[in-house]
Amino acid sequence: MIVAMTISGTIGVCVLKSGQSAENVVFVRCAAGFACLLPFCWYRRMICKRYFAPRLLAITVAAGVLMVVNWVLLFKAFSLVTIGFATIVYHVNPFLILIGAALFMRQRITRKDVGWTALAFVGFVILVNPASAVATLDIRQLGGIALVIAATVMYSGTVLLTKRLSGLPTPFIVMVQTGVGALLTLPFAHLHDLPKDVGAWGWLVALGVVHTFLLYSLVFSAYQKLSVPSIAVLSFIYPLSAALCDYLFFGHLLTATQIAGGLLILFSTTGLKLQWNLLPRMLAVKSET
């Protein structure tokens, strides 16, 4: 899990270092990921008729479309806001998934859920500082924020749809989704602009082989062996890794205010996942009496 979350933080670096458009990056990522997953799923005997039932296939394809749109929007945002900033904003998705599950899956929302969501929103406002962006007419930052929010909404939709595919093995789901992604982005990819040198191709292929095939393998293997609290805590490594890579490769540093807002979001996310009490037990007892 530590290796997987650290690798996740380097996605933005690969996107920017490739020098390619978001459409080209997503196309190559999907094509390379599918090329790795197809023989893997075949070898593991995951390609069988029952997994191609019309209903299951329709949900898998729909989730794949949302996933691809999510990647395109997020990668476009990396050219407008810093990688660390975008990654932390992106991490509001657990709260969007919670709201989506309540609206579309009739999942009950508790007071704890509302409390942690409200606290995360405070952190989001501190991190983004929309008043400052509007006052200075920072169109790039506002556009980047809008793209990241739209991307995380798409990702949340992918998660909610994937929850309906509990009977399918994860590698098979990702194989179908990357295959759909390659077909979907092919008409929009500028193939004549693909890099001519090996170095740029290395950044692109890494997104498909390392950040899709290897990363998904590590994450889902870890999920089977770790407790929920361990997964929640180790997930902190992803945004920290992204912020560190942003500094090492591009010299971007988050301000103290942005760090405070980001930590509040990540703390709230962990509290939501682990269902912590917002108030200490003693205060809760006093309020009851």
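Taking the criterion of being in contact (Cβ under 8 Å) with a residue 12 or more places away in the chain and hydrophobic (A, V, I, L, M, F, W, C), the residues of region 100-120 that qualify are 101, 104, 105, 116, 119, 120.
Keeping to region 206-254, report how many residues are of a type in the set (Ser, Thr, Tyr), within 29 Å of residue 20 (Cα to Cα) and open to solvent by 70 Å² or more (accessible area, probe 1.4 Å).
Within region 206-254, the subset of a type in the set (Ser, Thr, Tyr) is 212, 216-217, 221, 223, 227, 230, 235, 238, 241, 247.
Of the ones still in play, those that are also within 29 Å of residue 20 (Cα to Cα) are 212, 216-217, 235, 238, 241, 247.
With open to solvent by 70 Å² or more (accessible area, probe 1.4 Å) added as a condition, the list becomes 247.
Count: 1.
All conditions but one from (1) under 23 Å from residue 130 (Cβ atoms); (2) surrounded by fewer than 22 Cβ atoms within 10 Å (Cβ to Cβ) apply to residue 105; the one that does not is (1). Can you confirm whether residue 263 is closer than 30 Å to residue 38 by Cβ and in a helix (DSSP H, G or I)? Spelling it out, it is not the case that residue 263 is closer than 30 Å to residue 38 by Cβ and in a helix (DSSP H, G or I).
Which residue out of 45, 55 is assigned to a loop (DSSP other than H, G, I, E, B) and free of Cβ contacts under 8 Å to residues at least 60 places away in the same chain? That would be 45, the only listed residue that is assigned to a loop (DSSP other than H, G, I, E, B) and free of Cβ contacts under 8 Å to residues at least 60 places away in the same chain.
The values are calculated or read from the model by the stated rules, or taken from the named source; none is laboratory data. Everything numeric here is computed off the predicted structure, so don't read it as measured data. Methodologically, a virtual Cβ is constructed for each residue, glycine included, from the backbone with ideal geometry; neighbour enumeration extends over all protein chains shown. Side chains included, ligands, DNA and RNA excluded: accessible areas come from the protein's heavy atoms. Shrake-Rupley method; radii C 1.70, N 1.55, O 1.52, S 1.80 Å.
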